[in-house]
Amino acid sequence: MRNILLIATTLTAAACTVEEPAPLPSGDGGAAGTRPAGEVSLNRYEGVLSAGTECAILTADDGRRWSLSTANGEDRFFGERVVIDAEIADASFCMEGEATLIPHSITLVGD
């Protein structure tokens, strides 16, 4: 009986032991780091816009495909050649393309 009581007491004490939490990431831009919100990096993309599975798709002249993360009526540009100034999204639900672009402007070529 004493052995059972000793084992039960030891297990209870072990269960109540408090461990130090793991340290938080340092924010040094490692693998899980993201860019600061104020540092937007815009690039220019040109190609033809079309419908995709979840998001609009931009197909560039070199065959590269990019998803567009917008809900601003880009379907009016489907089938048209456009120039898009955009940043690459850190994360997206779009399923197609090399990455997802967040457009800051979409312009028809020739405008």
Next item on the list: For Ala89, list long-range residues whose amide hydrogen, built 1.01 Å from N in the peptide plane, is under 5 Å from its own amide hydrogen.
Entry: Thr100, Leu101, Ile102
Note to self: How far apart, in nanometres, would the label points at Glu98 and Ile4 be if each is projected 7 angstrom from Cα along the Cα-to-Cβ direction?
What the structure shows: 6.9 nm
Check: What's the FRET efficiency of Asp90 with Asp61 using the Cβ-Cβ distance as r and R₀ = 30 Å, to the nearest 0.05?
Finding: 0.70
Check: Tell me, what does the Kirkwood hydrodynamic radius of the stretch 63-111 come to in angstroms if you use every pair of distinct C-alpha atoms?
Finding: 11.4 Å
Notebook entry, point to check: Expressed in nm to one decimal, what extension gain is obtained for the pair Glu80 and Arg44 from 0.36 nm per residue of sequence separation less their Cα-Cα distance?
Noted result: 11.3 nm
Check: Using the Karplus equation 6.51 cos²θ - 1.76 cosθ + 1.60 (θ = phi - 60°), what ³J(HN,Hα) coupling, rounded to whole Hz, does each residue of the stretch 60-68 give in order, writing x for Gly and Pro?
Finding: 7, 4, 7, x, 5, 10, 10, 7, 10
Next item on the list: List the residues whose amide H sits under 5 Å from the amide H of Ala56, counting only those 5 or more places along or on another chain, with H placed 1.01 Å from N in the peptide plane.
Entry: Leu68, Thr70
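Only the coordinates and a few stated rules stand behind these numbers; no lab work does. Computed from a predicted structure; not experimentally measured. Backbone-built Cβ (ideal geometry, glycine too); neighbour counts: all protein chains shown.
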